[in-house]
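Participant: Below are the structure tokens for one structure; questions will follow.
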Amino acid sequence: MNTHRRSLAWGAVLLSLLAAAPVAVAQNVTIDFITGSETQVNLGLDPNYLNDHSGADYDHLINAGLSGEVNLSLGGGPVTVPINGITFESDVNSYVESTNSYVSTRTFSLTAPVSSATISLTQAFTVNISNSDTITFDAGAPLVFDVGSDEILTVTPLSYSAVASPGAPSTGSLSATFELTQIPEPSTSAAVLGLATLGFAGLRRFRRRIR
């Protein structure tokens, strides 16, 4: 009988801790963003062939800045949005078999209801020189912003690939996912820790009684 009463008491304590933990309420947040522009030329340039290709532009990349608005809901999952317009052009005289590595760097600014920030957004990319040249962007590292109200915004640049032939430039866009999540509140973490501690202590007492 005493064991049953103790079990009921433990249950009441656990329920009170759960009731005290705050519950996240879905919220909608509007994020405004602006990305900078960037141009890179002579992609795939081989110094050994420079004299043979005098006057050639080789491949070049235009990373056009974009601006936009993203509507997000807390816990609503990621939203994919174009953040830069891409033009990749292959020059007629730049055929030298090779794979070349580069880094794209653009400014990235965002404005949330209670905060704003401007940082450098970097993405590694390669250019494979062949009959038709291929540009491939790697996915970028996630960018994390505190947008207030115990919420964080995570922006993750996505991978991208395109092929361009001489006289036929490729156009497209670099995209990123935007996701809004909640920062766990101290009271929530404390409640979870308390539940784990109480559960462990109860289990130890139960095993001692069995023995």
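Throughout, read-outs are computed from the coordinates displayed, never taken from laboratory work. These numbers come from a predicted model, not from an experiment. We place every Cβ from the backbone using ideal geometry, glycine too, and count neighbours over all the protein chains shown.
Participant: Using a 10 Å cut-off around each Cβ, can you sort S115, S109 from fewest to most neighbouring Cβ atoms? Let's see the in-between values first.
Facilitator: On the way: S115 12, S109 16.
With the fewest neighbours first, S115, S109 line up as S115, S109.
Participant: Next question, about the same structure. Between S149 and N71, what is the label-to-label distance in nm when each label sits 7 Å out along the Cα-to-Cβ direction?
Facilitator: In this crude spin-label approximation the distance works out to 1.4 nm.
Participant: Follow-up question, since we're still on this one. Can you run the Rg to Rh ratio on the stretch 27-180? Use alpha carbon positions and the Kirkwood inverse-distance Rh.
Facilitator: On the way: Rg = 18.0 Å, Rh = 16.7 Å.
Using Cα coordinates only, the ratio equals 1.08.
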